[in-house]
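The values are calculated or read from the model by the stated rules, or taken from the named source; none is laboratory data. None of the values given here were measured: they were computed from a predicted structure. Here Cβ is always computed from backbone atoms with ideal geometry, including for glycine, and neighbour counts include all displayed protein chains.
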Amino acid sequence: MDYSLCRGVGLRITRHALMYLIDGDRHWIDAVTRQTDALFDDAEYPAWNHVARMISDDDDDKFKTTIDMKKHDVHLRTGMLAHSVSLTLNWLLPHLTPEELDGMVRGLEKRAIRPFQAACEREPWWLEVNNNWLTCIVGGLGVCGMALDGLHPDAQSLIDFAEPLMERHLEDYGSRDEFNEGVGYAGAIYLIVDYYAARLGWSDGQNNRLAEPPFADIATWSIQMALPPGRLYTYGDGHAGAPLKADWMPAIAAALQDPYLQGFANRHRSIMAAPQQLFYLDSDLKPSDLTGHLPLGVAYAEHGACISSHTSWDWDRTACVVGNKERRENNHEHNDPGQVVIDGEGQPLIVDWGTPETSYPAGFFSYHRFDYFEGSAYGHNVLVFGDREMESCYELHPKYTEGPAFHGKRALHNQGHIVASEFDDSWGGQWSIDTTAAWSGVVRNLRTVLHIHPGFVIVLDEAQLEETEAISLRWNTARDAALVGNDGFSLQLEGVGLAARVIDLGGDPVALSLEKHQYHEPWNKDQFGNVLPERDCPYVEARIERDRCRLLSMFCVQPGNQAVPWTREGDTYSAQVGDDRVDVKINDDGMDVRSEHHDREWEIPFISAELLS
């Protein structure tokens, strides 16, 4: 059972239950019990599991192509369905016949409680991690215990087991409550919110945990990682262009009586919200706009160490948003320290490809993740040295590393970090990052980014290597770009364009090339062995061969249907958007960047001349 089917079935029964509560038509209960009877039936639903995650009593995996699934192991689908069936039972409890109630209780015991208890005796890896496997499985069974309170002898033990583990999960967030997995997977925050919302109902409204830390900061981090008109940064295991999943946020807004969270939640509500999330909406809480409340630029130091710089909190057509990250996370991460992305007028321009929408690639949960361009350094907008991958960041778990499967790994090694950052809502932001530790054979790898409102983005890459080798810089573009001269390119989307120029400040003039990513055998298949469809993923590449480099990339996001290129006069490069003009003057020891509109100048020194001369 894949995620879409599992979620769809859960939505079906909870929606039917909600409809009964609204109109009292018993046909809704009949529809619920038909579906739950099927869920409990060994022939209809052989396992509350995902076939790619199943383990078998056989020595091979041939069972995955048949319905002879001999071992009903516990995985994410167990937690999801336990949660949905339990909510349904709780809502309909006064209206079920004794036979219907007994069928649901016994079904949950057979398909959720007993397999879960048996799995816990084997000390599965997902009990020792703090990611979505814990909140989905253990949290789902905790909600099951709440729903079965007074109906099953093991109900309280399920609650008692879940409670400290849910708290442990929250303790694993960053010091500013950064989500502890890849940003593209942050929709999974709903799991812990739904758990504590259910707990609030079970406790008759006592001790609303959502009103306490860290939930306010979790919500704020999520807003800072959101892009107009309603997306998340795609870093890591996310789907490019996927809609924002924020239907959990009204629960926190209501708990805190926070009008700013309410405003964001109202704006980004989804028609795919789960029925229980409709109960979170507080119609008496008046929404407020984020303008003047949250800063437009922010740098988070932990987990992904993400930086975000908005030009406004206008969710329709913000002029420009610049994102950057410096570290890899513990789960659903890619080799992306240093990644820079640029959006303009609500559309992606310089992009992160996320993961394929069809299915996970084969070997995704091992080192083979980086054999696919989406997970590799080459699939990101960073310097790549010697055509090799970044060094592994993993600390493998001593008990749960099974062959190529890295259950329980932690991203503790070879990470980048933020050196300095400054933000000002009146003009933008400037920051520098160091990703030297992510690479072998690299003495220094520093990236400096300057975002000047509305849409001027300056990226300076400086690196020194232990020996002469290939150095590549790729800028992944949302659509096919067009070359402008030898060192420039432009990108045009509906209503917005991007003009860019890439300058080699330490050698000969750079020559850009236009290319597209492709899969390569044997790493061109999904987790079921099917060939992955090729994606349309273009990029512009600058490639040199030296033992050091200083590459300057300049971008100008321009509204309209024709991007005007950067110009050069002597040592000064210029770009203009309407009345806004930025000049970048190259000196021997650094750059002077001037904005006429902001009447401000930024001095960006180069790292020591001896290092890169």
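For Tyr539, the criteria (1) in a strand (DSSP E or B); (2) more than 24 Å from Tyr360 (Cα to Cα) hold in every case but one, which is (2). Checked against the criteria, His397 counts as surrounded by fewer than 17 Cβ atoms within 10 Å (Cβ to Cβ), closer than 23 Å to Asn330 by Cβ and touching a Lys or Arg at 6+ places or on another chain (Cβ under 7 Å). The residues of region 518-573 that are more than 25 Å from Leu491 (Cα to Cα) and in contact with a helix residue (DSSP H, G or I) (Cβ under 6 Å, 6 or more places away or on another chain), listed by number, are Trp523, Gln527, Arg548. For region 524-535, the condition of being closer than 30 Å to Leu465 by Cα and of a type outside the set (Gly, Ala, Ser) holds for none of the residues.
Condition test on Gln527, is it within 27 Å of Val321 (Cβ to Cβ) and not aromatic (Phe, Trp, Tyr)?
Taking the combined requirement at face value, the residue does not satisfy it.
I'd like the residue in region 1-12 that is closer than 18 Å to Leu191 by Cα and of a type in the set (A, V, I, L, M) and, out of all such residues, is modelled with the lowest pLDDT. Residue satisfying both the conditions and the ranking: Leu5.
Residues that are of a type in the set (S, T, N, Q) and under 35 Å from the mean Cα position of the chain (by Cα) were ranked within region 554-606; the one that is modelled with the lowest pLDDT is Gln562. Residues that are in contact with a Pro (Cβ under 8 Å, 6 or more places away or on another chain) and not charged (D, E, K, R) within region 323-341 comprise just one, Val341. For region 263-313, filtered to residues that are among the aromatic types (Phe, Trp, Tyr) and under 19 Å from the mean Cα position of the chain (by Cα), the residue that is farthest from Tyr173 (Cα to Cα) is Phe264.
Pick out the one residue from Ser288, Ser359 that is without any contact (Cβ under 8 Å) to a residue 60 or more places away in the chain and either closer than 20 Å to Asp217 by Cβ or not β-branched (Val, Ile, Thr) (or both). Result of the check over Ser288, Ser359: Ser288. Contact map, region 150-169: first residue crowded, with 17+ Cβ neighbours inside 10 Å, second residue part of a loop (DSSP other than H, G, I, E, B), Cβ cut-off under 6 Å, separation 6 or more or different chains; pairs are Ala155/Leu148; Ala155/Asp149; His169/Asn130.
Mind listing just one residue for me: the one in region 566-594 that is part of a strand (DSSP E or B) and of a type in the set (S, T, N, Q) and, of those, nearest to Asp316 (Cα to Cα)? Explain how you work it out, then say what you get.
Initial filter on region 566-594 (part of a strand (DSSP E or B)): 567-569, 572-577, 580-586, 590-594.
So of that shortlist, the ones also of a type in the set (S, T, N, Q) come out as 567, 572, 574, 576.
On the way: Thr567: 31, Thr572: 34, Ser574: 28, Gln576: 23 Å.
The selected residue is Gln576.
Restricting attention to region 181-238, the residues that are part of a loop (DSSP other than H, G, I, E, B), free of Cβ contacts under 8 Å to residues at least 24 places away in the same chain and in contact with a Lys or Arg (Cβ under 9 Å, 6 or more places away or on another chain) add up to 1.
The numbered conditions (1) under 19 Å from Ala211 (Cα atoms); (2) part of a loop (DSSP other than H, G, I, E, B); (3) touching an Asp or Glu at 6+ places or on another chain (Cβ under 8 Å); (4) of a type in the set (Gly, Ala, Ser) are all true for Gly263 except (2).
Please work out if Ala563 is surrounded by 17 or more Cβ atoms within 10 Å (Cβ to Cβ), in the same structural domain as Ile350 (by TED's automatic domain parsing) and not in a strand (DSSP E or B).
Numbers: surrounded by 17 or more Cβ atoms within 10 Å (Cβ to Cβ): yes; in the same structural domain as Ile350 (by TED's automatic domain parsing): yes; not in a strand (DSSP E or B): yes.
When the stated conditions are applied, Ala563 passes them.
So, Gln464, is that one surrounded by fewer than 21 Cβ atoms within 10 Å (Cβ to Cβ), touching a Lys or Arg at 6+ places or on another chain (Cβ under 6 Å), part of a strand (DSSP E or B) and not basic (Lys, Arg) or not?
Numbers: surrounded by fewer than 21 Cβ atoms within 10 Å (Cβ to Cβ): yes; touching a Lys or Arg at 6+ places or on another chain (Cβ under 6 Å): yes; part of a strand (DSSP E or B): yes; not basic (Lys, Arg): yes.
Yes: the conditions hold for Gln464.
State whether one or more residues within region 531-552 are closer than 22 Å to Pro454 by Cβ and buried (at least 20 other Cβ atoms within 10 Å of the Cβ). Checked against the condition, which is being closer than 22 Å to Pro454 by Cβ and buried (at least 20 other Cβ atoms within 10 Å of the Cβ), region 531-552 yields at least one hit.
Can you find a residue that is basic (Lys, Arg), surrounded by fewer than 24 Cβ atoms within 10 Å (Cβ to Cβ) and modelled with pLDDT under 95 anywhere in region 121-133? Please lay out each step first, then the result.
Taking region 121-133 first, the residues basic (Lys, Arg) are 122.
Going one step further and asking which of them are surrounded by fewer than 24 Cβ atoms within 10 Å (Cβ to Cβ), we end up with 122.
Subset that is modelled with pLDDT under 95: 122.
Yes, that holds for at least one residue.
The numbered conditions (1) part of a helix (DSSP H, G or I); (2) crowded, with 20+ Cβ neighbours inside 10 Å are all true for Ser309 except (1). When Ser426 is tested against (1) over 20 Å from His334 (Cα atoms); (2) of a type outside the set (Asp, Glu); (3) in contact with a strand residue (DSSP E or B) (Cβ under 7 Å, 6 or more places away or on another chain), just one condition goes unmet, and that condition is (3).
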